[in-house]
Each structure stands twice: as structure tokens, then as C-alpha cells.
Amino acid sequence: MPCTLDDAAKECDYALAKAAMDPHNESPWIYLLGYVKEQIRSGVDGSDELARRMVQESERLRDTVNTACPSCDSARIELLDIVGGEEERKQAAELAHRLGTADDTIRTKFWARREGQLKVATQ
């Protein structure tokens with residue numbers, strides 16, 4: 001059963017605070033994505049706005065990191081895809097391309113596949 005939008009927003013803010021402590025730690029990003037996806041899946045009023053706010057907050061947080069941050073960028077890709085607009089998916093595809101070619105080359109095939117999925121979704 002989904003929680004209220006206010007409770008989900010508090011949990012998302014908590015996850016972002018923990019991610020700010022170490023943006024390379026994958027755990028708070030996964031926690032954040034879980035809350036956003038559950039709110040969207042459950043059709044809770046205002047969940048779209050929550051997802052958009054999390055995109056903005058993740059971008060703000062990413063701007064504070066001076067090195068490659070696959071965990072942060074991976075979460076941003078998923079958040080952009082959740083928001084689902086054409087421009088957001090294009091941006092997510094660009095991030096996936098960068099991860100696969102520069103910042104997370106150990107998973108090049110995964111990022112190439114993800115980039116392809118996002119490009120198809122924009123057509």
C-alpha cells in the first residue's frame with residue numbers, strides 16, 4: 001500500500017540527504033527510486049510533481065560532484081525516464097551514452113541497451 005505523498009516526499013528528501021553525504025553510494029539512490037516508482041505505480045495524486053522535483057534535486061546534487069558518478073547518473077536516468085517527456089528521455093539517453101563510453105565502461109553493453117530503449121521511447 002502506498003504512503004501519502006507528504007510521507008513519500010519526506011522519504012525522498014531523506015534519501016537525497018544521504019546521497020549528498022556520498023553520491024557514489026548506490027543505496028540511497030535505489031531507495032529514492034523505489035519511493036518515486038511506488039508513488040507513480042499507485043497513481044497517487046501529485047506523484048508526477050514529486051518525480052519532477054526529484055529530477056531537479058538529483059541534478060542539483062550531481063552538480064556538486066566533481067568526478068564521474070555512475071550511481072547518481074544512473075538514478076537520474078531512471079528519474080528522467082519516469083517523468084517520461086521526450087526531452088527528458090533524450091537527456092537520459094545522452095547520460096546513458098556518456099556512462100557507457102566514458103564514466104562506467106565496465107557496463108558498456110548495458111548502457112548501450114538502455115540508451116537504445118530511451119531513444120525508441122522518444123520516437
For residue 109, go through the lysines and keep the ones whose alpha-carbon is under 18 Å away, minus same-chain ones fewer than eight residues off. 119
Within the chain, the cysteines whose Cβ lies no closer than 4.7 Å to any other cysteine Cβ are 3, 12
Estimated dipole of the chain in Debye, rounded to 20 [Cβ of Lys and Arg +1, of Asp and Glu -1, Cα centre]: 480
Extension reserve of the residue 60-residue 22 stretch, reckoned as 0.36 nm per residue once the Cα distance is removed: 12.3 nm
List, in order, the whole-Hz ³J(HN,Hα) value for each residue of segment 81-95 obtained from phi through the Karplus relation with A = 6.51, B = -1.76, C = 1.60 and θ = phi - 60°; use x for Gly and Pro. 5, 4, 4, x, x, 4, 5, 5, 5, 5, 4, 5, 5, 5, 5
In Hz, Karplus ³J(HN,Hα) per residue of segment 18-26 (6.51, -1.76, 1.60; θ = phi - 60°; x = Gly, Pro): 5, 5, 5, 5, 8, x, 7, 7, 6
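Under the rule of -39500 (n - 2.57) per DSSP H run of 4 or more residues, summed and divided by the residues of the chain, what mean residue ellipticity at 222 nm is obtained, to the nearest 500 deg cm²/dmol?
Taken over the chain, the calculation gives -24500 deg cm²/dmol.
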Anchor residue 37: aspartates and glutamates whose Cα lies under 12 Å away (excluding residues fewer than 8 positions away in-chain): 48, 78, 81
Could you work out the relative contact order of the chain, using alpha carbon pairs under 8 angstrom and six or more residues apart, expressed as a whole percent? 21
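Quick note: the coordinates plus some simple rules give every number you see, no bench work behind them. What you are looking at is a predicted structure, and each value in this text was computed from that prediction instead of being measured. Here the Cβ is made from the backbone with ideal geometry for all residues, glycine too, and neighbour counts use every protein chain on show.
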